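The values are calculated or read from the model by the stated rules, or taken from the named source; none is laboratory data. Owing to the predicted nature of the structure, the values given are computational and were not obtained by experimental measurement. Neighbour counts are summed over all protein chains in view; Cβ atoms, including those assigned to glycine, are modelled from backbone coordinates with ideal geometry.
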Amino acid sequence: MERAGHRLWRPGGLAGDRRPGARQAGREPHRAAFTGDYSGDLLFGTLRKYGLAGGTFTADPGDDLHLSGAAIVNAVKCLPPANKPLPEEIRNCRPFLEGQLAALPQVRIVVALGQIAHQSAVKVMGGRLPKARFGHLAEHVMPDGRVLIDSYHCSRYNQNTGRLTTPMFEAVFARAVALRAEMAG
């Protein structure tokens, strides 16, 4: 698929740990999308800190980083101009997100990185957007009992402007891990 001379990619498959636990729903389908991207430093450092990843992240696809109790799925996997997908592109990708979440029915907690991921996750999980408004660290219980936790996307822009700080991002995953323990308890 192409738009204005830019190649747009079909969403990729599920990557990560398929066991029960927290999942991360972002715009990239797997850790390789964050490799070499400034956002990967914060994302994988945070996942390691909270026991959701192991190994060493070196921003090289050949490093030994692996996810544990977490998986990364995508709400949108496009590389559009200015990283701004069109509404049609978001809608076209939604069935792929739905399939990825359906592949892990045991998942009880979903972390959405950014408003696009939030909106797609709410729709896929049967929620209603007017009731489930995006907000950093906001929690939404979906009709099936799964919990969606929102975070600003860990993009370089959000980090450089101070919209998202390391403590803010870590608070999201600390809450996800704590909530997972409460639900298992």
Worksheet entry | Complete set of residues in the stretch 33-71 that are farther than 18 Å from Arg156 by Cβ and in contact with a Gly (Cβ under 6 Å, 6 or more places away or on another chain) | Leu52, Asp64, Leu65, His66, Leu67, Ser68, Gly69, Ala70, Ala71
Worksheet item: If you take the residues in the stretch 101-117 that are of a type outside the set (A, V, I, L, M, F, W, C) and in contact (Cβ under 8 Å) with a residue 40 or more places away in the chain, which one is surrounded by the fewest Cβ atoms within 10 Å (Cβ to Cβ)?
Response: Gln106
Worksheet entry | strands (runs of 3 or more DSSP E) (entirely within the stretch 86-164) containing at least 3 residues that are closer than 17 Å to Ala70 by Cα and touching a His at 6+ places or on another chain (Cβ under 8 Å) | 147-151
Worksheet, complete the sentence: Just one listed residue, out of Glu98, Glu89, Glu139, is surrounded by fewer than 20 Cβ atoms within 10 Å (Cβ to Cβ), more than 18 Å from Tyr50 (Cβ to Cβ) and within 15 Å of the chain's Cα centre (by Cα), and it is Glu98
Worksheet item: modelled with pLDDT of 65 or more and within 21 Å of Val111 (Cβ to Cβ) - does that describe any residue in the stretch 16-29?
Response: no
Item to complete: Residues being assigned to a helix (DSSP H, G or I), aliphatic (A, V, I, L, M), over 14 Å from the mean Cα position of the chain (by Cα) and modelled with pLDDT of 80 or more: count how many of those fall in the stretch 47-82.
Response: 0
